[in-house]
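Values in this text are rule-based calculations from the coordinates and carry no lab data. Predicted model, so just to flag it, every value in this text is computed and none were measured. With ideal geometry, Cβ positions are generated from the backbone for all residues, glycine too; neighbour counts draw on all protein chains shown.
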Amino acid sequence: MADDGDVAGLGKARATAFLAPALLLISVFLVFPALWTLYLGVTNFRLSGSAARNPKFVGLDNYINALSDDRFLNSLGLTIVFVFASAVVGQSVLGFSIAWTMTRVRKPVRAVVEFFVLLAWIIPSSVTTFLWYALLDRSNGTLNAMLSTGHMAWLLQYPLQSIIVFNTWVGTAFSMLLFSSALASVPPSQMESARMVGAGTWAQLRDVVFPHIRGHALTNTLLITLWTFNTFTPYLLTAGGPDDRSNILPIFIYRLALNDGALGQGAAISLIMIVINLVIATVYLRLLKERKS
Amino acid sequence: MASITTNSLVKEYPGGVRGVDEMDVTINDGEFFALLGPSGCGKTTLLRTIAGLEKSTSGSIRIGDREVTNLEPGQRRVAMVFQDYALFPHMSIADNISYPLKIQKVSKQERRTSAEDVGGKLSLQGLLERRPGQLSGGQQQRVALARAVSSRPDVFLFDEPLSNLDARLRLEARTFLKKLQLDLGVTTVFVTHDQAEALALADRIAVMRSGKLQQLGTPREVFQRPANTFVASFVGSTPMNLLEGTVRDGQVQIGNSAVPLPQSAAGLAGEGQTVTWGARPEYLDVATSTKAGSLAGSVTVSENLGAAVLLTVQLDGHDQDVQVVVGEDFEPAIGTSVWVTSEPRRTLLFDSEGLRIGD
């Protein structure tokens, strides 16, 4: 009994019964859709028409089509710019700057700032996109009123820039929280040692703060990169348009699979996206490991 | 090289608590100076205020002929060694030592030379390429000292320099520290709660309590002539016996016994005055037969200190115990009647406020 690992003494049957509901849910909602996507990716399955009733096996055609499709490549390019600008630069830098500034202000100020930053994160995205609509609207928008820019159609003129700013605004709270706790772990005596020899803010950041929080920064970048890579919310603002100019990958897949009905093609691109996610995650984890050894 | 002068220095925290209360201290050029007191007495606050890490509420600080009260820490030409050493874990020992020079934008080559030079002086040769995490506590402390030395400051500030070392290493480090300070001749202020450390290291000691200065003096003065009962009981490895008594017929009546008036208080205590009679356990002795001017009592506890024995004696007709350090050969059974004897030139008298009577 002792070496079969059955510490609780439940016996195989009852142990399985305990696990079954969770396994069932995982199978239905995770494993099956994943396998189904894999299957769809090698068929010409469509939302309607004859290919919906009788999907045909098309091998790697979908993947080859995707990789040679200008729309896909355009979308991949937009996604890379979007992720880099709004997550790696926008959320990280802004989140760190706020966290750093907040270590030097009084507690009430800090509480108020953190409250508002967090608010952007926790309000449902349908609500925040509506607020941004109101801000960026062409005829009655707040931004136009503030900047006296007349009837500037921000979402049409600068669609990618708009969703980059929007996503930075939404996601900064996470980086801010993570960096706040990271900064709290920097030993005060080391900061003071640097101050004692006359180190300015930049030298303190370079010599004390950054080396201490590098691990946190990597984790943060990994998480927000993946989240931003997969986010669909900008669809609510620009729907990928105009003219595909904000057509990041998740939106591209959605429009391709559900608007155009090309489910097989969409599934293939989803898989490509998963592979990209895995590559990003692996690279970051490697970097993290290197740090530790 | 510089002296340090504080003038009515006050550090008040939000809520009105005074960490440092009206401090007037002058620390002489080249002096090894201790700030001693129990935790929460404000000694570390005073040190940090001198360093510039805390802003003073009022009063002023001068280092040498410079007014530094409102200067940034980095402009005061002061180096501080923190209790946890505060070495940068990601930098090599050489980089840690020469960090002040990096901030002063000294070239890499010169920094390296300086690190080797200063590291050599503090017996850190061969460790310069390592990281702080690979060093023992004693070595880490020497690195922290080396970093302080390499900035060529006017003043060193040490926050509890020995408290992170184990007991055996502490003695070694203490001797090392004293020699280093003597060699460098740099004015040094250190904070400690350990009276033995303060007595052993310092040229002069400031004893603090609740942000206020209690006594300022050489180790000898603080040990032999404590200004009040607080200093008397805080300084000394076994606290001074402080017995309540009354002056009667040129003697101090304590319980059923009477002891001679301390020499220093001769002629200064009025008849019938309530006083506290102070005597260090080391300066007392016991006799096994009655003697004039001794305190009668019986042994309740006997503690072996190695080369000596610490006896706790319950006095007849008095509710305070008295402690006596006797030679290692004398080990009376519990309950033995003893007579505690004292020398008038070794005892002290304090008034009802706790202040010492006489000089």
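Ordered by the number of other Cβ atoms lying within 10 Å of each residue's own Cβ, fewest first, A:SER162, A:SER181, A:SER97 fall into the sequence A:SER181, A:SER97, A:SER162. The mean count of C-beta atoms from other chains within 10 Å of the C-beta of residues in A:206-214, rounded to a whole number, is 2. Placing unit charges on the Cβ atoms only, positive for Lys and Arg and negative for Asp and Glu, gives the range A:62-292 a dipole magnitude near 840 debye about its Cα centre.
Computed from label points 7 Å out along Cα-Cβ, the spacing between A:ARG71 and B:THR341 is 11.2 nm. Net charge in the neighbourhood of B:VAL189 (other residues with Cβ under 13 Å of its Cβ; Lys, Arg +1, Asp, Glu -1) is -2. Measuring nothing but alpha carbons in chain B and taking Rh as the Kirkwood radius, the Rg to Rh ratio lands at 1.07.
For chain B, the longest piece that avoids every one of the trypsin sites (Lys or Arg not before Pro) found in DSSP loops with at most 11 other C-beta atoms within 10 Å covers B:106-359.
Pairs of lysine in the range B:4-228 with Cα under 18 Å and at least 8 positions apart or on different chains: total? Taking the Cα cut-off of 18 Å, the pair count is 8. A convex hull fitted to the Cα coordinates of the range B:126-266 yields 155 cubic angstrom per residue.
Across all Cα atoms of the protein assembly as shown, the radius of gyration (one decimal) and Dmax (whole number) stand at 37.6, 125 Å. Computed over the protein assembly as shown, the per-residue total of -39500 (n - 2.57) for DSSP H runs of n ≥ 4 gives a 222 nm mean residue ellipticity of -13000 deg cm²/dmol, rounded to 500. Take each residue in B:92-102, count the other chain C-beta atoms within 10 Å of its C-beta, and the mean is 2. Once the Cβ-Cβ distance of B:ALA167 and A:VAL109 is raised to the sixth power relative to R0 = 30 Å, the FRET efficiency obtained is 0.05. Each of B:HIS318, B:HIS90 has some number of other Cβ atoms within 10 Å of its Cβ, and from fewest to most they run B:HIS90, B:HIS318. Shielding of peptide A:185-194 by partners, expressed as the average count of other chain Cβ atoms within 10 Å per residue Cβ, is 6.
Rounded, prolate or oblate: which fits the range B:79-174, taking a ≥ b ≥ c as square roots of the Cα gyration tensor eigenvalues, rounded meaning a/c under 1.5, else prolate when a/b beats b/c? Prolate, since a/c reaches 1.5 and a/b exceeds b/c.
In terms of surrounding Cβ atoms within a 10 Å radius of their Cβ, B:ILE205, A:ILE276, B:ILE61 rank from fewest to most as A:ILE276, B:ILE61, B:ILE205. The overall shape of the range B:204-340, judged from the alpha-carbon gyration tensor, is oblate: a/c is not under 1.5, and a/b is no greater than b/c. Tell me, what is the Rg over Rh of the range B:21-159, with Rh the Kirkwood radius over Cα pairs? Rg/Rh for the range B:21-159 comes to 1.00. Is chain A best put as rounded, prolate or oblate by its Cα gyration tensor, with a ≥ b ≥ c the root eigenvalues, rounded for a/c under 1.5, and otherwise prolate when a/b is larger than b/c, oblate when not? Oblate.
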